[in-house]
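Heads up: the structure comes next, in structure tokens.
A short reminder: the numbers here are calculations on the coordinates, not readings from a lab. All values derive from a computational prediction rather than experimental measurement. Please note: Cβ atoms are built from the backbone with ideal geometry, for glycine as well, and neighbour counts cover all protein chains shown.
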Amino acid sequence: MSNSWKIERRTFLRGAGAMVPLPFLNLMEARATKPIIGSKEDTSPVRFVTLFKPNGVHPPSWNINGGTENDFRMSPLMKPFTKHKDDLLILDNMGDFGFSSHSNSTRRFLSGHHGNRKTASVDQIIADKIGQDTAHRSLELTTEGLFVNQIGCSYISYDKKGNSIPRESDPQLVFDRLFRNPTQDPNRREEFTSLLDRIGEDAKSLQRKAGKEDIETLDEYFTVLRETEERLEKINAGSRSNVNFSTLKRPDTPVTLDDQVEAMLDVMAMALWTDSTRCISYMLGNSNSRLIFDFLGIKKQHHYLSHFFRNFSRSNIDSLLKISLWHMEKFDSLLTRLKSYKDGRGSLLDNSVVLFGSGMGHSDNHTAQRIPIVLAGKGGGMLKTGRYLRYSKNQELGRLHMALMQKFGIDQKSYANSSTPLLGLDGSPFDEFQERPFESWVNKAPGTITAQGRLRMSDNLDEAKVFYIDVEGKTSVRIEISFGDFHSFNVAYHVGTPIKLSGNSSEKNGQLVINKITGITSLFGNSKPGKANG
Amino acid sequence: MATLQKKGFLIPRLLAAFFLFVIYPHQLKAKIQFEKNILPILERSCLKCHGGKKVNGEVDFSKIKNQTDADSQYELWETVVEVISAGEMPPEESPQLKEKEKTLLLKWHQEQLNSPVESVPGNFKPRRLSGPEYRNTLRSLFGFDLKVAVAKAQQTVAGEESLVLKLLPKDPPGASGFINDTHAASLSPVILEQYTFITDAAIEKLFAPKQRSQLQYLMGENLPDEWRPEKISQNQARSLIKNFIPKALRRHISKDKININLKALNKLTGIELLNALKFEMKVTMLSPEFLYRGLLMEKFPGEQKSVDAFELAERVSYFLWEDRPDNELMNLASNGSLLKTDILTTQVERMLKEPQAINLAESFGVQWFGISNLDELIKNPISHHSLRNQPVLFLNHLFTKGRPVIDLIDSKTTFVNEGVSGFYGQDRGRMKRYSKPKGIERTTTPFQEFTLEKATWRGGIITMPGILTMNRGPIQRGTWLLRRVLGVRLGEPPADVPPIKPSPRGQKLSFRERFERHRSDTSCARCHEKIDPLGFSLDHYDVKGQFIQNKENLPDASGKLPTGETFKNYSELKEILMTSQKEKIIRNSVERTLSYAMCRKLTRNDQPTVDRITKNIVKENGTWKDLFVEIVNSLPFRETIFTEEIKG
């Protein structure tokens, strides 16, 4: 079995379209060992995974605008995980009113509200419920070190008293603890025991010629060896999992952040699949992170770039979108991995709930509204996926957390500031956002165009400066303007909303293009936003 | 364990007593005898609270049973004499000492101090590597660091990077105050488990493709590109074992011993050979000989002897580098020439030029001056980086660039970056400026070596912003100066000190005036008359360490030392420190350095060594390098006493 197993972990290329033709699935089948878990009734346990994205989002590229529950167009930033559409439940209009500090937004993500500082975060409450039978109740993971001066930015998972739970960032370390630990793996235990025997034997020869001081030291050493051996003997030899851990591949030492995260996602999937744990929280970065994504060719700090309006330049926006896209790719990467593992009757993803998102909406003005939140996986049937839920009113994250707890069988009267669970996750009716109706049309005159419709960014983020106005029944009008126009008409502000726009135009292969704006009117909003909100 | 350590002094003491008896028999007769005269007083009046049912204030007289025990506690007696003369002990409610008893105690103490003491090295005791020593040893053995994969931004706090330091519990400071004094930090199953984990990680990494050059180095053989660990040959495995084990164990290893490891490889091939090889390497790295220092040293039970050349190499390299001896030291140890004074001296000079010498400042310097107190205090990582590294770089400069010991107090050289440049007034104009690239909101900036001209209020370690801000008030500053720089021992303040009273109605008193009223009690004054003048002298520096210039109503920074010397402010005090207090400062430097080098608390038997080195440094205005050379050639460093063999 040993060599048939060797898989070089692939380096995933950004934007390489369909990623990861994963070898895992075949491999698992080839192993011909029954899936470990729940084999009795063939019902698998449900896992809960959270993935935190730092520094909010750039709303013009993230938000879905228009669209309904079952008929929607995914936003440009969602492109990397569009292929998982059927497994997703995209939530919109989640959050709080007002603005949020980085630290508050980090707390909000899993604790429902930034003021909820005395109770456990939702992942921990769920871990208490589902994590008792596994070797590790839960894993709390991250990529970055601590920010001591803004400690709240470094944690999403909190214990019963609301205290932060230490997290681990090294995939090799996590792997070794899970799979190379003598207490978990019978093979390891055997090796460790013989190692202890041998060391003890060798050290005895030292003892023969030792003075009093040496004897004392060696006595202490032997005592420790003995205690360790005794402890190992006590460990129940019957391992919970029938996977031979020694066949799992230890991740290589990461060089870039991308390696580190990919390796960690690998380890996470293995941990869930082997049922070593059922609950994992993972931070793709600290909120307020000033990481420099040099492996993406970016030299500026992430936090600086995330303030895309006050630090506006086209290249800054490009850089920010590259970083955001990378975050989305990691989400995709996790989902792809979970899908590739067979678990019970379906895939590991079918038996999981993955909560992806942030605690902040707009990364420049820090609004706490329209926070990016996506659920993935059917949770063993508890979620009805493949839908886009845009709530009519702002929904606090506490309601989402209550709904998740309820699904996991935890009865809680209230959580954070919320007292009723969020509706609609399982297909139940919910109060859907109703947009004011508007007409869309386009009027052509020689050299000029006036178009009315919803403005959106190009789906292709490589051309982030290109916008479209969607016109019903017609090809969308392309807007390709200079920086001056973009800036003075504050085009980004109108993204997602219906507008009337006039300008000088040209036509290429039937595609109408506006090259110069002469006027923008917002149908329902503020027509002259000035420099507020990008 | 502590008692056993003390018992080790029995033999030298008996030898010494014998020696004294032969030459100065009259002195012995004249002595007040501890067992006969002093012990009964302690048992009667002190033991109840200090070693009987209770052990108050960590003072335990039950452990002191004879003259030998008493000798090893000479610092304790200083405190005893102080509290007894001040009438603080025994406490009021307890039966008091008779005048006769008091006089006897004081006289005995005087005799103790004045009695000649012979220079005797410490007795041998194996010692586990401290966390940083273990980390550095692994690093230089394998040629790579075991790092925790953790993304780092400019706000990220350091310290999580080293896998070793992350996994091992933090070493508590030993009796010497230094963490390399691991005598009391015992091994535990948890620590063993972490060693196992780290060992696995290191060996896994050694065989990873990226570490091929390291593996080749340890194997002593070039490997073709297509080579894979599973393809390892018998010869390759054997030469790896032969090279690795002596390096790991830091000395020549007998053929017989290595043959045990080699035997385990016999007849194996492929993956089985590889696994057996890894197993043997793990056995070595988890053996007590690797984890402890001194177990394999040549032993001469019951004798005082020079340590062998390998032990000397280890001593000097863990002292100056906090690391194992490198090839050059090992070669000089193999042929024995390291034992020669001139060769060892040349090695010290060489070692101070190597990059590992930074550990002298990073470890010894940081611990001596308590610089890690800044870690808790300054939460902003960028300020922390500046304030903490400035004194470390300065100490590194003194230690490795041949600067006089007394430069510690005053020096024109300092190290500055953007984080501390604002503390240097007009001198700032001459500093190289650093401008942040666009898109970088916060960043640490590099340090530059800088010669002070106008900022005469800086210079030396005491007025560095990090040090001043670490010790916020005059009392903390005074205590720090007294303890860490002048080496004066202070007792702990009593527990029941009332708060400092506000100014009485209608009067506006300064903190200093209010504080002086507050501490007028004699028991407070005993320490505070030493602390306060030093502390208040720095009152022209605010809590952040900024020098207050051109301001009216400056606080009173003048003072008078117990010696009678007076000064108007810190700069005048500095003059005093550089002249009349110079010997005291140098003595303290010698004591601290010797204690760190020996990884133990000094005893009275080290005093002749300290006296001699202090004298030489004072006379010659000696440098730190001179001090290190003196130490590595001193008796306690070169020799040890072996206790008698126990037949197991």
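Ordering B:SER213, B:GLN236, B:LEU187 by Cα displacement along the dipole of the range B:184-236 toward the positive end leaves B:SER213 in first place; charges were set at the Cβ atoms of Lys, Arg (+1) and Asp, Glu (-1). Each of B:TYR195, B:TYR217 was scored by other Cβ atoms within 10 Å of its Cβ. Listed from fewest to most, they are B:TYR217, B:TYR195.
Taking 0.36 nm per residue of separation and subtracting the current Cα-Cα distance, fully stretching the chain between B:GLU513 and B:ILE440 would add 21.5 nm. Compactness check for chain B: Cα Rg over 2.2 N^0.38 Å is 1.08. Which of the three applies to the range A:441-522, rounded, prolate or oblate, going by the alpha-carbon gyration tensor with a ≥ b ≥ c and a/c under 1.5 meaning rounded? Rounded is the answer for the range A:441-522, as its axis ratio a/c remains below 1.5.
For the pair B:THR566 and B:ASN114, what calculated FRET efficiency results from E = 1/(1 + (r/R0)^6), where r is the Cβ-Cβ distance and R0 = 25 Å, to the nearest 0.05?
So, using R0 = 25 Å, E works out to roughly 0.20.
Rounded to the nearest 20, the size of the Cβ-charge dipole of the protein assembly as shown about its Cα centre is 1400 debye, with Lys and Arg at +1 and Asp and Glu at -1.
Here the simple spin-label model places points 7 Å from the Cα toward Cβ, and for B:ASN222 and A:SER194 these points are separated by 3.6 nm.
When you filter the GluC sites (Glu not before Pro) in the range B:584-648 for DSSP loop state and at most 13 other Cβ atoms inside 10 Å of their Cβ, you are left with B:GLU644.
For the peptide B:604-610, the mean number of other protein chain Cβ atoms found within 10 angstrom of a residue's Cβ is 0.
Two tests apply to each whole DSSP H helix in chain A, Cα reach of 27 Å or more along its axis and mean Kyte-Doolittle hydropathy of at least -0.5, and the ones passing both are A:314-340. Where Rh is the Kirkwood radius over the Cα pairs of the range A:186-234, the temperature 37 °C and the viscosity 0.692 mPa s, what D in µm²/s does Stokes-Einstein return? Approximately 287 µm²/s, per Stokes-Einstein. Dividing the summed helix terms, -39500 (n - 2.57) for each DSSP H run of n ≥ 4, by the number of residues in chain A produces a 222 nm estimate of -9000 deg cm²/dmol to the nearest 500. What FRET efficiency comes out for the pair B:ASN37/A:PHE222, r = Cβ-Cβ distance, R0 = 30 Å, nearest 0.05? Efficiency for this residue pair is about 0.10.
Given Cα positions, please report Rg to Rh for the range A:173-296, the hydrodynamic radius being the Kirkwood one.
On the Cα set of the range A:173-296, Rg over Rh gives 1.14.
Give me the percent relative contact order of the range B:582-641, please, defined on Cα pairs under 8 angstrom at least 6 residues apart. The value is 38 percent.
Rounded to 0.05, the FRET efficiency of the A:ASN515 and A:GLU472 pair, given R0 = 30 Å and the Cβ-Cβ distance, is 0.80.
Any idea what the relative contact order of chain B is, in percent, if you count C-alpha pairs under 8 Å spaced at least 6 apart?
16
Taking the range A:391-534 as the region of interest, the number of lysine pairs whose Cα atoms are within less than 23 Å, with members eight or more places apart or on different chains, is 22.
Of the trypsin sites (Lys or Arg not before Pro) found in the range A:435-534, those that fall in a DSSP loop while having at most 15 other beta-carbon atoms within 10 Å are A:LYS474, A:LYS531.
Placing +1 on the Cβ of every Lys and Arg and -1 on the Cβ of every Asp and Glu, with no other charges, gives the range A:186-234 a dipole of roughly 100 debye about its Cα centre. Value of Rg to Rh for the range A:349-479, rounded to two decimals, is 1.09; Kirkwood radius and Rg both from alpha-carbon coordinates.
Calculate for chain B the 222 nm mean residue ellipticity that helices alone would give, adding -39,500 (n - 2.57) per DSSP H run of length 4 or more and normalising by residue count, nearest 500 deg cm²/dmol.
After summing the helix terms and dividing by residue count, I get -14000 deg cm²/dmol.
Please sort by residue number the trypsin sites (Lys or Arg not before Pro) in the range B:538-575 whose DSSP state is loop and whose Cβ has at most 11 other Cβ atoms within 10 Å. Loop-located and lightly packed - B:LYS551. Taken along the Cα-to-beta-carbon direction at a fixed 7 Å, the label points for B:SER503 and B:ALA276 span 8.6 nm.
Here is the size of the protein assembly as shown from its Cα atoms: Rg then Dmax, 35.7, 125 Å.
A crude spin-label estimate for the pair B:GLN67 and B:LYS170, with each label 7 Å from Cα along the Cβ direction, gives 4.4 nm.
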